[in-house]
Every structure is written in C-alpha cells, then in structure tokens.
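The values are calculated or read from the model by the stated rules, or taken from the named source; none is laboratory data. Since the model is a prediction, treat every value here as computed from it, not as a measurement. Cβ sites come from the backbone with ideal geometry, for glycine too, and all protein chains shown count toward neighbours.
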Amino acid sequence: MMTWNIPCRIGDTVWVIRSRADKKIISKGIVSEITFIGAKMDLCIVVGHLLRGRWGINVFKSEQDAIRTLEREQDPQFVSAAQVRAMTLDEVRERKDDIMTSFPKW
C-alpha cells in the first residue's frame, strides 16, 4: 500500500505563478481539486479558475515561496522542465547539479 504526503487540502489558500501576455505573475487562489496524473502519478493541484499545476513548481504555500521561485528562474544556472525535456542525455549528465537544484522537493 502506498501512502502520499499531500502538501495542501481542498479549500487551502495557495499562491500560483502563471503566465499572462509573456509575463509571469503571482496570484492568490483556492485549491479546488487535487489529482494524480500520468504513469508517474504526479501530484496535480487545481487552483480555482487560475490553473492546474504542480506543487513547488508553480503552486506554493506562501507568496514568499512563489517570489523566491521567480527570482531563482532569473538565475542563469536555473534549468526549467521544458529545457530538460529538450536536452540530450549527455547535456543532462553535464548539467545534473543545476537541474537537481532547480526542482524543489515537496
């Protein structure tokens, strides 16, 4: 039997990072749904009408966590999930340390 440590509950207030007109903004929202998607059973948080996202990637417990993530994305060492998907295996091996620090553990 597998157990999950879910970082929030339906009805919790959370902060989200979303893109609007080529600009990233931080918004406050309420968790409306929690699901697991894909073969890896990734945790997906639905925040009202704002977005469907992943904890620690674009959904956060506090505004400060969201701000820190946006600041970290400005760091040239930051590696986004889209960048990782586009990399060859050799590139991933070469930037392993940057990749590991770019993705928070929840």
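Criterion applied to ARG68, ARG93 was being charged (D, E, K, R), modelled with pLDDT of 85 or more and either touching a Lys or Arg at 6+ places or on another chain (Cβ under 6 Å) or part of a helix (DSSP H, G or I) (or both), and the one residue passing it is ARG68.
Close contacts from segment 47-66, counting a first residue that is closer than 14 Å to ILE10 by Cα and a second that is part of a strand (DSSP E or B) and of a type in the set (S, T, N, Q), with Cβ to Cβ under 6 Å and a gap of 6+ residues or different chains, come to GLY48/SER32. If we scan segment 8-15, do we find a residue that is modelled with pLDDT under 85 and within 23 Å of ARG72 (Cα to Cα)? No, there is no match, as no residue in segment 8-15 is modelled with pLDDT under 85 and within 23 Å of ARG72 (Cα to Cα).
How many residues does segment 32-46 contain that are under 15 Å from GLY11 (Cβ atoms) and either loosely packed, with under 11 Cβ neighbours inside 10 Å or in contact (Cβ under 8 Å) with a residue 24 or more places away in the chain (or both)? Residues flagged as under 15 Å from GLY11 (Cβ atoms) and either loosely packed, with under 11 Cβ neighbours inside 10 Å or in contact (Cβ under 8 Å) with a residue 24 or more places away in the chain (or both) within segment 32-46 amount to 2.
The sole residue among ILE57, ILE26, ILE17 that is touching a helix residue (DSSP H, G or I) at 6+ places or on another chain (Cβ under 9 Å), surrounded by 13 or more Cβ atoms within 10 Å (Cβ to Cβ) and part of a loop (DSSP other than H, G, I, E, B) is ILE57.
If you filter segment 60-71 down to residues that are more than 22 Å from TRP4 (Cα to Cα) and not charged (D, E, K, R), you find that the one that is surrounded by the fewest Cβ atoms within 10 Å (Cβ to Cβ) is GLN64.
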